[in-house]
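A short write-up of the structure that comes next.
The values are calculated or read from the model by the stated rules, or taken from the named source; none is laboratory data. Keep in mind it's a predicted model, so treat the numbers as computed, not measured. Cβ: placed from backbone, ideal geometry, glycine included. Neighbour counts: every protein chain shown. In case anyone asks, the SASA skips ligands and DNA or RNA and just uses the protein heavy atoms, side chains included. Shrake-Rupley method; radii C 1.70, N 1.55, O 1.52, S 1.80 Å.
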Amino acid sequence: MCGIVGYIGNRDAKDILLQGLEKLEYRGYDSAGIFVIDENKRSYLFKEQGRIAALRKVVDSTAAAASGIGHTRWATHGVPSIENAHPHQSANGRFTLVHNGVIENYQELKQTYLANTHLTSDTDTEIIVQLIAHLVEKNTVSTLEAFKETAALLRGSYALALIDKEQPEIIYAAKNKSPLLVGKGDGFNVICSDAMAMIQETNQFIELTDGEIVTLSRDTITIENQLNEVIEREAYTAEINLNDLDKGTYPYYMAKEMDEQPAVIRKIIQAYQNDEGVFELDKTILAKLIASDRIYIVACGTSYNAGWVGKQLLEKLTHIPTEVHLSSEFGHNMPLLTKKPFFIFLSQSGETADSRQVLVKVNEMGHPSLTLTNVAGSTLSREAEFTLLLHAGPEIAVASTKAYTAQIAVLAILAEVAGKETGLVVQDSIGHDLGIVASGMESILSEKHQIEQMAADYLSISRNAFYIGRGVDYYVAMEASLKLKEVSYVQTEGFAAGELKHGTIALIEEGTPVIAVITDEGIAGHTRGNVQEVQARGANTMVFSMEGLEQLGDQFILPKVNPLLTPLVSVVPTQLLAYYTSLQRGNDVDKPRNLAKSVTVE
Ligand code: F6R
């Protein structure tokens, strides 16, 4: 989704901005642009549709300037085009602005203040920069005052960076709901929507909170709140290893990240075990969790799918009823809550706007909340009462793989430790069992060529497909289908195996691929029956079954693991199947069309 970078210092800003934007490419975008200005007020604006590589081609190599702002755009208002790409400029050319987020009242602002202004784009962003220019011209206020006044008029989400041509030595920034960080350097300062973008420049970042306004020069950072009070805030050190951002010898990030899963599981075990090899979590989290009468897991997409596995783990090991909800639904249509709810937010990025709006409401209601996230210091981590980190390392491919398995592993640890507190769990086993899972994942990954062949045989030219399963295998079917559709564009449904015959079986025709996941002994026979039903109607079936439950003709045998942890292994061949199908169809597997990594609009 949209990304912002800004630099003010003494080096060539355009190179730093372009590099920064390249680091944000993984978030998904459809156009990009940069604006740079030198101390003599000579300025340059470059925008292009498509990839940063295309933007690089239109950037004039002689455009040397030591400050600037840049942006990757994921279209919300107006199609992807050069006109709609950021940065946007005021009609008088004095102000240049980039924006992440969505301005809900932009039509209203346009009518009230800008009826006579000629607009050149369809974006809500252009309204902001024109409004700043309008306030400066009409009210003869300073740029900072106009910026503050404009920010106060905006309804919605925004991270903003502004340059006034009359003050090339300053960048103004503001934020509300959308993420924005200030990076501190020696003789320079930066801004960015994600620390990853500027980690090659500095690892010292200052978090901003909603409503704050920043004035940045190469040597100073001034943060003001809405009451115009100056805020002093220490920088934190972003723990991002530059090597983690590199694909290494892998052709794609998704391939690398799938392969990293066994190591991530081992890292999680280490991170949460004490010196005696016993899992240890913050006692306050545990006390609040076990005092609750219901756990509400709130998340989107892949994290939501991981939430269903978490429900199973928490209910089995703690006996606390657990519900799983889509963030985008929950916030606007909240179910009747129990008296003592405990909220768990699952979010790889920690920045998902849909989940954040629920967290804001949960905080207002005063309920305890825990975020499981991969990004320390992310918005959902800062704003929840507690955080547990996933320790998965940066996930760059848009399609989430290692974060899904990391979420389940951390939820398993949480469930076991909470279960011990309640007295339900008497013997530790998850640590040992996760170790077996890691080895099982390795053995599946070593057979990836087999899955590559299956993708060619079953899915490379198919129009649609189904994943089916029961119980926890159904939860994996949901994630497997999301993965396949998002990277291969094969229309895929993840279905409760027994439910197919109640309507959806009408879609099965000669050759329809149906993949069954079977890991649960108690219901294996039933799922096998459903496989027969679709086979009888012409489906091209594939069965992924767990060792001990396999039958002759099954396509892939999964290594045996603790029945509570089977999704951690059964999901791996489905990730590989999605990956190879995508490649065989000639898609960009790391950057599927229309998708963004960090979804920062609701
Ligand atoms: C799919 C995928 C998305 C995310 C979803 C939530 O592969 O990555 O479905 O899971 O957008 O994102 P987070 O977990 O960052 O809140």
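Assuming 0.36 nm per residue, please report the length gained on full extension of the stretch A53 to N594 beyond their Cα-Cα distance.
192.9 nm
Where the accessible area of segment 252-446 is counted over protein heavy atoms with a 1.4 Å probe, how much of it, in %, is carbon and sulfur?
Reported share for carbon and sulfur atoms: 52 percent.
Determine the distance separating the Cα centre of segment 353-373 from the Cα centre of segment 182-223; give it in Å without decimals.
Result: 26 Å between the Cα centres.
Along segment 212-225, what does the Karplus equation 6.51 cos²θ - 1.76 cosθ + 1.60 (θ = phi - 60°) give for ³J(HN,Hα), rounded to whole Hz, x for Gly and Pro?
Those phi angles translate into 7, 10, 10, 10, 10, 10, 5, 10, 9, 10, 10, 10, 10, 8 Hz.
Using a ≥ b ≥ c from the Cα gyration tensor of segment 252-446 (square roots of the eigenvalues), is it rounded, prolate or oblate, where a/c under 1.5 gives rounded and otherwise the larger of a/b and b/c decides, a/b for prolate?
The shape class here is oblate.
At R0 = 60 Å, how high is the FRET efficiency between E533 and V230 if r is their beta carbon distance? Nearest 0.05 is fine.
Efficiency computed from Cβ-Cβ geometry: 0.30.
Going by Cα centres, segment 55-94 and segment 1-45 are how many Å apart?
About 8 Å separates the Cα centre of segment 55-94 from the one of segment 1-45.
Indicate, rounded to the nearest 5 percent, the antiparallel portion of the DSSP beta bridges found entirely in the chain.
Expressed as a percentage, antiparallel bridges in the chain total about 60.
The chain: D in µm²/s via Stokes-Einstein (Kirkwood Rh, Cα pairs, 25 °C, 0.890 mPa s)?
97 µm²/s
What ranking, highest mean first, results for peptides 318-330, 161-173 when packing means the other Cβ atoms within 10 Å averaged over each residue?
161-173, 318-330
Extending each Cα 7 Å along its Cβ direction at N363 and E499, get the distance between those two points in nm, one decimal.
3.4 nm
Segment 462-515 to segment 546-591: how many Å between their Cα centroids?
Measuring centre to centre over Cα atoms gives 14 Å.
Could you derive backbone 3J(HN,Hα) for segment 537-552 from the dihedral phi with the Karplus parameters 6.51, -1.76 and 1.60 (θ = phi - 60°), listing whole Hz in sequence and x where the residue is Gly or Pro?
Those phi angles translate into 9, x, 5, 8, 8, 9, 10, 9, 10, 8, 2, x, 10, 6, 10, 4 Hz.
Separation between the T112 and N139 pseudo-spin-labels, each 7 Å from Cα along Cα→Cβ, expressed in nm?
So the two model labels end up 1.1 nm from each other.
Under 1.5 on a/c is rounded, so check that first for segment 3-240, then, if it is not, pick prolate when a/b is larger than b/c and oblate when it is not; a ≥ b ≥ c are the square roots of the alpha carbon gyration tensor eigenvalues.
Note, shape of segment 3-240 comes out rounded.
In Å², and per residue, what accessible area does the chain have when probed at 1.4 Å with the other protein chains present?
That works out to 38 Å² per residue.
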